[in-house]
Amino acid sequence: MSSARIFDVGSIREDFPILCREVHGKPLVYFDTASSAQRPLQVIGAVDDFYRRHNANVHRGVHSLSQEATDLYEGARGKLARFINANSEREIVFTRGTTEAVNLVAQSFLRPRLQPGDEILVSHMEHHANIVPWQMLCEQTGAVLKVIPINNRGELEMEALPGLLSERVKLLGLVHISNALGTINPVAEVCRLAKSWDIPVLIDGAQAIPHGPVDVQALGCDFYCLSGHKMYGPTGIGALWAREATLEAMPPWQGGGEMILKVTFEQSTWNDVPAKFEAGTPHIAGAVGLGAAVDYLSSFDPVEMVSHEKQVLDYATGKLEEIDGLRIIGTAGNKAGVISFIIDDIHPHDLGTVIDHHGIALRTGHHCAMPVMQFFGVPATARVSFGLYNTRQEVDALIEALHSTRGMFA
Ligand code: PMP
């Protein structure tokens, strides 16, 4: 990629004004990107510019501002489509995020197809967003939720998968990268196996999308769900990708303005895709910010970006392993920038609170993946997660803080 920006962490950090601030008198170290990434000036500026200069409702106005807002909103759809190698922008439905995208597929695509006794397959490492909507659907239809097991390293038990596939399975939902363990799943291989039974596959891409190129066509999935705030964009905006023919065949799931062609009291008819799935005024500024986030991520050579994050991950893993009594939860062979851990009998919440006083933001809890915690027999973990702005020096600050915290609890 000859036009790519040189991957220089120092200059990248200058894009993120929040990284200059202090917390409890210490320079902020932000290790909670898996919960929500920080926003670069490019995204903040795009949202600011939208409200200052172009703000109006989309699709409905002949006036100039409305047309500008529509162009920006639809332009963001096109950017996202190209970013994930969709066939066209009509394959992108804007949603509030991954959670809403999964619920949309559950209610619009799957619900009409389910009979009592049918099965929905998910893995043991799913975020609640890829469990609970299917459980609700099972309650509504009499279908049954089945689980692909994981091993002690936090990897999918691929040997168990063929035995779980059958004509009863009406959808397989899988997380691309686990937010609790960092495991990168062999998505293309799972899709290939599912296809031999004609089973549609939904991929929860919330964590994968900021960590390298995603090509929905190469993966071979049927649905891909993502969130803007995980990829350096705004909260409250995300997307569902599905092939146009799939979306065409799905009924709308929310009714209202924008999603109709004609309304009478007797009957209404639906707009084309993707508008059919975007009832009401959308999060226009959010979409504009998401488009700017796509531009931002696309400005880097993905290989350099992935390699930087991997270096920080490997460095941090090595350093954490040296700490007495520290156990890493999730040691898959193929991992992205997430490390969950526990230390002796220090409760992760206590650890997080003390570490915060060192200016370091890490996450503690079940990470919306309670079945993962149950599998590993822990109530919670502490989790550090990395973005393109993190450095080895920040890891050193964490290690120092962990040593002094251990001393406090000894
Ligand atoms: N799936 C995974 C793997 C996640 O990490 C998250 C966010 N923590 C979600 C789904 C839900 O994303 P959102 O809250 O943006 O809808």
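Some notes on this structure:
- Scanning segment 2-40 for residues that are under 20 Å from VAL303 (Cα atoms) and of a type in the set (Val, Ile, Thr) yields ILE6, VAL9, ILE12, THR33.
- The criterion of being within 20 Å of HIS176 (Cα to Cα), surrounded by fewer than 20 Cβ atoms within 10 Å (Cβ to Cβ) and small (Gly, Ala, Ser) does not hold for GLY257.
- Filter pass, ILE328 being in contact with a helix residue (DSSP H, G or I) (Cβ under 9 Å, 6 or more places away or on another chain), in contact (Cβ under 8 Å) with a residue 24 or more places away in the chain and assigned by TED's automatic domain parsing to the domain that holds VAL378: no
- Residue within segment 186-205 that is part of a loop (DSSP other than H, G, I, E, B), touching a His at 6+ places or on another chain (Cβ under 9 Å) and within 12 Å of the ligand (Cβ to nearest atom) present: yes
- Any hit, segment 391-400, residues being among the basic types (Lys, Arg), at pLDDT 95 or above and closer than 14 Å to ALA180 by Cα: no
- Strands (runs of 3 or more DSSP E) fully within segment 222-290 that include at least 3 residues being without any contact (Cβ under 8 Å) to a residue 60 or more places away in the chain: 260-263, 268-270.
- Check on ALA245, at pLDDT 95 or above, surrounded by 18 or more Cβ atoms within 10 Å (Cβ to Cβ) and more than 16 Å from the ligand (Cβ to nearest atom): no
- The requirement of being under 30 Å from ALA401 (Cβ atoms), within 16 Å of the ligand (Cβ to nearest atom), in contact with a Lys or Arg (Cβ under 8 Å, 6 or more places away or on another chain) and not hydroxyl-bearing (Ser, Thr, Tyr) is satisfied by ALA332.
- Annotation: of all residues in segment 209-221 being at pLDDT 95 or above, surrounded by fewer than 24 Cβ atoms within 10 Å (Cβ to Cβ) and part of a loop (DSSP other than H, G, I, E, B), the one that is nearest to the ligand (Cβ to nearest atom) is VAL214.
- Enumeration of residues in segment 108-136 that are under 22 Å from the mean Cα position of the chain (by Cα), of a type outside the set (Ser, Thr, Tyr) and under 17 Å from ILE199 (Cα atoms): PHE109, LEU110, ILE120, LEU121, VAL122, ASN130, TRP134
- Segment 301-331 - residue that is among the acidic types (Asp, Glu) and under 25 Å from the mean Cα position of the chain (by Cα) and, of those, surrounded by the most Cβ atoms within 10 Å (Cβ to Cβ): GLU309
- Set ALA69, ALA46, ALA86: member being over 16 Å from ALA285 (Cβ atoms), more than 16 Å from the ligand (Cβ to nearest atom), modelled with pLDDT of 95 or more and of a type in the set (A, V, I, L, M): ALA86
Residues are listed down the side, and each one gets a yes or a no for (1) within 14 Å of the ligand (Cβ to nearest atom); (2) β-branched (Val, Ile, Thr); (3) within 21 Å of VAL214 (Cβ to Cβ); (4) crowded, with 22+ Cβ neighbours inside 10 Å:
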residue	(1), (2), (3), (4)
THR95	yes, yes, yes, yes
THR99	yes, yes, yes, no
GLU126	yes, no, yes, yes
VAL132	yes, yes, no, no
THR141	no, yes, no, no
GLU157	no, no, no, no
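- Residue match in segment 166-181 (condition: under 24 Å from SER340 (Cβ atoms), surrounded by fewer than 23 Cβ atoms within 10 Å (Cβ to Cβ) and within 18 Å of the chain's Cα centre (by Cα)): no
- Exclusive hit being within 26 Å of GLY228 (Cα to Cα) and in contact with a helix residue (DSSP H, G or I) (Cβ under 9 Å, 6 or more places away or on another chain), set TRP270, TRP253: TRP253
The values are calculated or read from the model by the stated rules, or taken from the named source; none is laboratory data. Worth saying up front: this structure is predicted, and the values here are computed from it rather than measured. Backbone-built Cβ (ideal geometry, glycine too); neighbour counts: all protein chains shown.
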